[in-house]
1. Which condition number in (1) in contact (Cβ under 8 Å) with a residue 60 or more places away in the chain; (2) more than 22 Å from Pro384 (Cα to Cα) is the one that Gly93 fails?
2. Is it fair to say Thr170 is touching a helix residue (DSSP H, G or I) at 6+ places or on another chain (Cβ under 6 Å), more than 16 Å from the ligand (Cβ to nearest atom) and of a type in the set (Ser, Thr, Tyr)?
3. Can you tell me which residue among Leu417, Leu438 is out of contact with any Phe, Trp or Tyr (no Cβ under 6 Å at 6 or more places or on another chain), within 15 Å of the ligand (Cβ to nearest atom), within 19 Å of Ala262 (Cα to Cα) and hydrophobic (A, V, I, L, M, F, W, C)?
4. Given the structure, is Leu98 touching a helix residue (DSSP H, G or I) at 6+ places or on another chain (Cβ under 7 Å), modelled with pLDDT of 95 or more and in a loop (DSSP other than H, G, I, E, B)?
5. Please specify each residue of region 203-261 satisfying the condition of being in a helix (DSSP H, G or I), hydrophobic (A, V, I, L, M, F, W, C) and either near the ligand (Cβ under 6 Å from one of its atoms) or touching a residue at least 60 places away in the same chain (Cβ under 8 Å) (or both).
6. Can you tell me which of (1) out of contact with any Phe, Trp or Tyr (no Cβ under 9 Å at 6 or more places or on another chain); (2) over 29 Å from Pro153 (Cβ atoms) is the one Phe259 doesn't meet?
7. List every residue pair whose Cβ atoms sit under 6 Å apart, with the two residues 6 or more apart in sequence or on different chains, where the first one lies in region 313-327 and is within 16 Å of the ligand (Cβ to nearest atom) and the second, anywhere, is in a loop (DSSP other than H, G, I, E, B) and hydrophobic (A, V, I, L, M, F, W, C).
8. Go through (1) more than 20 Å from Ile33 (Cβ to Cβ); (2) among the β-branched types (Val, Ile, Thr); (3) more than 8 Å from the ligand (Cβ to nearest atom) and name the single condition Thr182 misses.
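The values are calculated or read from the model by the stated rules, or taken from the named source; none is laboratory data. As the structure is a computational prediction, the values presented were derived from the model and not from experiment. Cβ sites come from the backbone with ideal geometry, for glycine too, and all protein chains shown count toward neighbours.
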Amino acid sequence: MAQQILNFIDGMFREPRDGIWIDDVNPATEEVIAGIPDSDSADIDDAVLAAKRAFPAWAATPAAERSRLLLRLADAIEKNLDELARLESIDSGKTLSLARRLDIPRAVANFRFFATAILHDASEAHVTDNAALNYTLRQPLGVVGLISPWNLPLYLLSWKIAPAIAAGNTCVAKPSELTPLTANRLAELSLEAGIPPGVINIVHGLGAKAGRALTRHDDVAAISFTGGTVTGAGVAANAAPRFKKLSLELGGKNPNIIFADADLDDAIATSVRSSFWNQGEICLCGSRIFVERSIHDTFVERFGAAARTLRVGDPLDDLTDLGALISAEHLQKVTRYIELAKEEGGAVVAGGRQVDRKGFFVEPTIITGLGTGCRVLQEEIFGPVVTVTPFDDEAEAIRFANSTRYGLSATIWTRDLQRAHRVAAVIDSGTVWINCWLLRDLRVPFGGMKESGVGREGGFESLRFFTEAKNVCVRL
Ligand code: NAD
C-alpha cells in the first residue's frame, strides 16, 4: 500500500479539501510509491491564513531563539540523513550515494548557515552632515511563497525555507509534485525541532493549480521560485501585477570551455561529473563543451572513454553512477533531443540510447559535429546529453559561450591566469568556475543572467530578498 502524503498546515497534517490525490512514481521502478494531495486554492488559502496568523509572534521572536530552532532542525535532518537520502533517491531516481553526499548534507548546511547568519547580520547608518542620521531597518516581509523543482528537492527547498524563516517570515512552500517525500519528512522534523505551528506550511500539488494559486494570493508578499524558464515567465506574469517581490532561479545551457593549456586530466575528470552527475539534471551542469581545436580530438576520445565506463542502473546500488530520469515525459524529451541531434547532423560518440530495463534510464551521451546555432546547443535538455564543439581562439570561445539566451554558470579550464580572469569577466553568466565545478560557498551571490533568472540568492543576498529595507531619518 503506497504511502499517503498530507499537506502540512498550521503544524497539522491535513487532507486536501477537494479530496483528490496524485500518484507519486518511483522513476527507477515505475511503481506508485505515494499519493499526494492535488491541492487547490482552498488549501493554499488555509496555509496562507495559518502563516499569516503565525507571523507576528515569529517575527518578534529574538534572532537567537530563531537561530536555536533552525539549528535543531539542521540536527534533526542530519540525524535522519540515511532515511532522507533513501527517500530522495526513490522519489527522484538520483543515486542514493549522491543524495547522501550532496543533497541531504546541503540541506543541513542550508539551515545551519542561515541560522548563524542572522546572528551576524548588521545594517547601515548614513549620517547626513550635521543635519540627520539615517539608519536602515530590515524587516521581514510577512508570508512568503516558496516554489521548488524536482532535481534537488530538499537541497533547494531548504535553500529557500531556511533564509525565509531565519529572517522572521512565515512561509508556504509548494514542492515539486514529482518529489514530495523529503518535503513531507521535513514537515515532521520541523515539529520535532519545535518550529512553531504556521511558520512552515507545505502544500503539495500541481504547479498550474496549487503553485499558481500561491503566486496569485494577495496575502503573499514575495515569491521565491526555482524551476524552468517558461514556468518562471508565467510565475512573473501572475506575481508582478500584484507587486510581489520576486526571485527567479531558472534554466541554463552552461558552457564548459577547455583551453589547450588546461590540466587535461583534471578537466576530463571534472567534465564527467559536470556533464553526468544526477543524470545531467542539475541546472549548473555544463552541457555545451567547447574545446580548443588542437586538443579537441584527444579530449573527445578520452572523455568518451570515461563516459562509457559509467554505470547506469539501480539508484540504490552504491556502484551506480547514473540513476533514472525523473519521469516518462522527461525521458521522452531527452531521447527526442538525441534524435534531433542526429537530424541536425551531429555524431553520437558515446551513449545515445535509452537503457533497456524498467524505469526511465538513458546512457550518458556525447554528441559532436554540431554548430552553436543548432537547437541541441540552444535549448535546455536537462539530461545526460552534452555536445563537444571545437573553437579556434579565445574570442571564438567567448562568442560560442555567450551564444544562448541563458546565463546561469560557466566553467573555464586554463593554466593562464590572466586569460582566466579576462574570459570570466566577459562571459554572460551569474557564476563562473575556473578550473573547478560546483564548488559552492553559501556566502556568495548565486543566480542567473539573461533568461536564467532575476535576482540573486546566497548569503546576505537571500536575507535581503526576504526582508524589506526601511530608512529611518532622525533630524540632529
Ligand atoms: P518546473 O518549472 O516545471 O517546475 C518548478 C516548480 O514550479 C514545481 O514545483 C512546479 O509544480 C511549479 N509550477 C509549475 N507551473 C507553475 C505555475 N504555473 N505557477 C506556479 N508554480 C508552478 O521545473 P522542473 O521541471 O521542476 O525543474 C527543472 C527546471 O528547473 C530546469 O529548467 C532547471 O534548469 C531549473 N532549475 C534551476 C535552478 C537554478 O538555481 N537556476 C536550480 C534547479 C533547477
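1. (2)
2. Details: touching a helix residue (DSSP H, G or I) at 6+ places or on another chain (Cβ under 6 Å): yes; more than 16 Å from the ligand (Cβ to nearest atom): yes; of a type in the set (Ser, Thr, Tyr): yes.
Here the answer is yes, as Thr170 does meet what is asked.
3. Details: Leu417 fails: within 15 Å of the ligand (Cβ to nearest atom).
After applying the criteria, what remains is Leu438.
4. Working: touching a helix residue (DSSP H, G or I) at 6+ places or on another chain (Cβ under 7 Å): yes; modelled with pLDDT of 95 or more: yes; in a loop (DSSP other than H, G, I, E, B): no.
Spelling it out, it is not the case that Leu98 is touching a helix residue (DSSP H, G or I) at 6+ places or on another chain (Cβ under 7 Å), modelled with pLDDT of 95 or more and in a loop (DSSP other than H, G, I, E, B).
5. Step one: filter region 203-261 for residues in a helix (DSSP H, G or I), giving 207-216, 229-242.
Narrowing the set further to residues that are hydrophobic (A, V, I, L, M, F, W, C) leaves 208, 210, 213-214, 230, 233, 235-237, 239-240.
Passing the criteria: Ala208, Ala210, Ala213, Leu214, Val235, Ala236.
6. Phe259 satisfies every listed condition except (1).
7. Sorted first by the residue in region 313-327, then by its partner, the pairs are Ala324/Ala28; Ala324/Phe360; Ala324/Phe361; Leu325/Phe360; Ile326/Trp150; Ile326/Leu178.
8. Going through (1) more than 20 Å from Ile33 (Cβ to Cβ); (2) among the β-branched types (Val, Ile, Thr); (3) more than 8 Å from the ligand (Cβ to nearest atom) one by one, Thr182 breaks only (1).
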